[in-house]
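Just below is one structure, and these are the notes that go with it.
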């Protein structure tokens, strides 16, 4: 069936005749075969490394399994245990507190930065600042945590030195269980601000100028214009960035683990740290899975709640 | 009078201004406030980075002195050399390179192929599969980690090898989605023209579409490089042998060895470990930043 009258490259001849591209059916078959072949690596990979594991994780949540003995079905015992386990409750509340502080600071600063730099849009200055603010995103959580834990050192740290110059007493950043969650959050904000900022910059550059100018002509100025015009126009981006940041930060691990190992006491222990310790220090794989499944459900619920709530405040043109 | 009005209401970049004010100059109080805020955040961003670099160049004995000196006076490179004595730095950087580059190449391959299928090829059930792929984006990584560890160690027997870090990272729902969007932006007319010339479907993919999604591939490459190079939790779980660690674990070890001793050695390691990411970023930043901005728009 392969015709000799090839117009383009002559390399078509190796195709079997039922795949020849000179009939509509042949082209359709080519696209089907290619589509299935192209999809296989991703599909097999996702089944093996994402979909399979999440199913297994849920199943393991109902089992007692400490590696040395075969898994044993215990129904809801793990879940009953974790709801009474103070350390688990404590790590979840720490996670929420740090997530809320971090996301709060991230969104406010990132929006302010995007709106500020937009005033100088297209200038070299805007380009320069954009590059500078993005630099910490390149660093690993470990590098940031190590560096900032030196800078947050109570007696020798740079931060306390400059606070001292301003007449403020030494803050026990990493050694007081009251302050440590703020310190870890600040470190996380420092590393992630550039990323969140870029997302907002995209939103701010796309704001409809006509509406903003019309509002100015109608007398909306300053904070009033910001609150009543600019932020509502920006609200789809705010939703997008907040959802992404909340999902990421409910799972955060690197910064608190390296800065404090969860201490002092358990005051900066996060949910993922709890999963990690339960599984790989205590070797209780089943129990650890049940904790990670609960965290997964919480993330789903929080995200769903954000979308539900967004109907009341997000404004789509 | 007209001139004054024009000056006060003109938008940046307008051509018909009377005198040229540089576009980076603040022109009113709000501009000045914005500028002050930008400079303040810029300082807070850059100061820890400068501190890391200058402290890494100071003798260990002086590394903790206050007031901090922002410019290194001694230019002492001994810390950099000492890193090589404390941890198997060359091996660990090599491991990071191998794992990261394999992951980048692998993700580019799987994501372009799958993204192309979802954008331009068709077979029954394709759209249902697309929703499955999108749904995996919502599964948090931490929830899959324990079974992943079991699969990698018990099923594949790959625990404590670099492959345990690479294989699970190859399929990427995010990258597939990203590249699908890029393929969709290309007008179908190109494809039709190529078909008129007798190209088969693979040639259309390889010669027509692939070159045109290079910017999307650049974004995926930079993000994958950055993410994999800086990955900490996965190797922390999967790896045991120090000489097989990626550099993130090496820095974690180094910090523990040096806890109260010389921090300048740790900072020297951080500087060296960050260089590759910075270089990749310099080459890819145009695509990356513009790509991420567009991502924000679509939210």
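The values are calculated or read from the model by the stated rules, or taken from the named source; none is laboratory data. Source: prediction; values computed, not measured. Note that we place each Cβ from the backbone using ideal geometry, even for glycine, and neighbour counts take in every protein chain shown.
Out of A:103, A:74, report the one residue that is more than 14 Å from chain B (Cβ to nearest Cβ), crowded, with 22+ Cβ neighbours inside 10 Å and touching a residue at least 60 places away in the same chain (Cβ under 8 Å).
Numbers: A:74 fails: crowded, with 22+ Cβ neighbours inside 10 Å.
None of the other options fit; the residue is A:103.
Which numbered condition trips up residue B:292, out of (1) modelled with pLDDT under 85; (2) more than 10 Å from chain A (Cβ to nearest Cβ); (3) assigned to a helix (DSSP H, G or I)?
With respect to (1) modelled with pLDDT under 85; (2) more than 10 Å from chain A (Cβ to nearest Cβ); (3) assigned to a helix (DSSP H, G or I), residue B:292 is out only on (2).
Counting only residues that are over 30 Å from residue B:228 (Cβ atoms) and surrounded by fewer than 19 Cβ atoms within 10 Å (Cβ to Cβ), which one in the stretch B:198-207 is modelled with the lowest pLDDT? Lay out the reasoning, then the answer.
Just the residues of the stretch B:198-207 that are over 30 Å from residue B:228 (Cβ atoms), to begin with: B:198-201, B:203-204.
This time we only want the ones that are surrounded by fewer than 19 Cβ atoms within 10 Å (Cβ to Cβ), so: B:198, B:203.
Working: B:198: 80, B:203: 87.
It comes out as B:198.
Residue check: is residue B:184 within 28 Å of residue A:307 (Cα to Cα), loosely packed, with under 15 Cβ neighbours inside 10 Å, over 19 Å from the mean Cα position of the chain (by Cα) and in contact (Cβ under 8 Å) with a residue 60 or more places away in the chain?
Details: within 28 Å of residue A:307 (Cα to Cα): yes; loosely packed, with under 15 Cβ neighbours inside 10 Å: yes; over 19 Å from the mean Cα position of the chain (by Cα): yes; in contact (Cβ under 8 Å) with a residue 60 or more places away in the chain: yes.
Against the criterion (within 28 Å of residue A:307 (Cα to Cα), loosely packed, with under 15 Cβ neighbours inside 10 Å, over 19 Å from the mean Cα position of the chain (by Cα) and in contact (Cβ under 8 Å) with a residue 60 or more places away in the chain), residue B:184 qualifies.
Can you tell me which residue is farthest from residue A:51 (Cα to Cα) among those in the stretch B:117-128 that are facing chain A (nearest Cβ under 7 Å) and crowded, with 19+ Cβ neighbours inside 10 Å?
Only one residue tops the list, namely B:121.
Taking the residues in the stretch A:152-173 that are assigned to a helix (DSSP H, G or I) and at the interface with another protein chain (Cβ under 7 Å from one of its Cβ atoms) as candidates, determine which candidate is farthest from residue A:187 (Cα to Cα). Quick ask: steps written out before the conclusion?
Looking only at the stretch A:152-173, we keep the residues that are assigned to a helix (DSSP H, G or I), and these are A:158-165.
If we keep only those that are at the interface with another protein chain (Cβ under 7 Å from one of its Cβ atoms) as well, we get A:158, A:161.
Details: A:158: 14, A:161: 18 Å.
Looking at residues that are assigned to a helix (DSSP H, G or I) and at the interface with another protein chain (Cβ under 7 Å from one of its Cβ atoms), I get A:161.
Each row is one residue, and each column tells you yes or no for (1) without any contact (Cβ under 8 Å) to a residue 40 or more places away in the chain; (2) loosely packed, with under 14 Cβ neighbours inside 10 Å.
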{"position": "B:136", "(1), (2)": "yes, no"}
{"position": "B:166", "(1), (2)": "no, no"}
{"position": "B:172", "(1), (2)": "no, no"}
{"position": "B:189", "(1), (2)": "yes, yes"}
{"position": "B:196", "(1), (2)": "yes, yes"}
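Residues B:173, B:143, B:114, B:135: which one is at pLDDT below 90 and at the interface with another protein chain (Cβ under 7 Å from one of its Cβ atoms)?
Details: B:173 fails: at pLDDT below 90; B:114 fails: at pLDDT below 90; B:135 fails: at the interface with another protein chain (Cβ under 7 Å from one of its Cβ atoms).
When all the criteria are applied, what remains is B:143.
Looking only at the stretch B:155-168, count how many residues are more than 21 Å from residue A:299 (Cβ to Cβ), facing chain A (nearest Cβ under 10 Å) and either touching a strand residue (DSSP E or B) at 6+ places or on another chain (Cβ under 9 Å) or in a helix (DSSP H, G or I) (or both). Explain how you work it out, then say what you get.
Taking the stretch B:155-168 and keeping what is more than 21 Å from residue A:299 (Cβ to Cβ), we get B:155-167.
With the extra rule that they be facing chain A (nearest Cβ under 10 Å), the set shrinks to B:155-156, B:167.
Still in the running and either touching a strand residue (DSSP E or B) at 6+ places or on another chain (Cβ under 9 Å) or in a helix (DSSP H, G or I) (or both): B:155, B:167.
Number of matching residues: 2.
Show me the helices (runs of 4 or more DSSP H) found entirely inside the stretch A:232-317 where at least 1 residues are in contact with a strand residue (DSSP E or B) (Cβ under 6 Å, 6 or more places away or on another chain) and within 11 Å of chain B (Cβ to nearest Cβ). Quick ask: steps written out before the conclusion?
Values: elements: A:254-260, A:271-280, A:285-313.
Here the list reads A:285-313.
With (1) modelled with pLDDT of 90 or more; (2) more than 22 Å from residue A:267 (Cα to Cα) as the list, and residue A:190 as the residue in question, which single condition is left unmet?
Failing condition for residue A:190: (2).
Can you find a residue that is surrounded by fewer than 14 Cβ atoms within 10 Å (Cβ to Cβ) and modelled with pLDDT of 75 or more anywhere in the stretch B:48-56? Write out each step before concluding.
In the first step, residues of the stretch B:48-56 are kept if they are surrounded by fewer than 14 Cβ atoms within 10 Å (Cβ to Cβ); the result is none.
No.
Return the residues of the stretch B:230-266 that are more than 20 Å from residue B:148 (Cα to Cα) and at the interface with chain A (Cβ under 8 Å from one of its Cβ atoms); say none if nothing qualifies. Break it down into steps so the answer makes sense when it comes.
Going residue by residue through the stretch B:230-266, those that are more than 20 Å from residue B:148 (Cα to Cα) are B:242-243, B:247-248, B:250-266.
Selection gives B:248, B:251, B:252, B:255, B:263, B:266.
A quick yes/no check of all residues on (1) closer than 26 Å to residue A:256 by Cβ; (2) modelled with pLDDT of 90 or more:
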position	(1), (2)
A:38	no, yes
A:54	yes, yes
A:85	yes, no
A:91	yes, yes
A:104	yes, yes
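Looking at B:96, B:102 in this structure, which one is surrounded by 22 or more Cβ atoms within 10 Å (Cβ to Cβ) and either at pLDDT below 90 or assigned to a helix (DSSP H, G or I) (or both)? Step through it out loud before you land on a result.
On the way: B:102 fails: surrounded by 22 or more Cβ atoms within 10 Å (Cβ to Cβ).
Criteria check complete, one pass: B:96.
Mind listing whichever residues of the stretch A:128-151 are without any contact (Cβ under 8 Å) to a residue 40 or more places away in the chain and more than 8 Å from every other protein chain (Cβ to nearest Cβ)?
Quick first cut of the stretch A:128-151, residues without any contact (Cβ under 8 Å) to a residue 40 or more places away in the chain only: A:128-129, A:131-132, A:138, A:143, A:147, A:150-151.
Residue satisfying the conditions is A:128 alone.
Taking the criterion of being part of a helix (DSSP H, G or I) and within 28 Å of residue B:143 (Cβ to Cβ), would at least one residue in the stretch A:68-77 satisfy it? Lay out the reasoning, then the answer.
Step one: list which residues in the stretch A:68-77 are part of a helix (DSSP H, G or I), which gives A:77.
Next, only the ones that are within 28 Å of residue B:143 (Cβ to Cβ) stay: A:77.
Yes, some residue in the stretch A:68-77 is part of a helix (DSSP H, G or I) and within 28 Å of residue B:143 (Cβ to Cβ).
Only one residue in A:154, A:131 is under 23 Å from the mean Cα position of the chain (by Cα), at pLDDT below 90 and surrounded by fewer than 19 Cβ atoms within 10 Å (Cβ to Cβ), so which one is that?
Values: A:154 fails: under 23 Å from the mean Cα position of the chain (by Cα).
Step by step, each of A:154, A:131 is checked, and only A:131 is under 23 Å from the mean Cα position of the chain (by Cα), at pLDDT below 90 and surrounded by fewer than 19 Cβ atoms within 10 Å (Cβ to Cβ).
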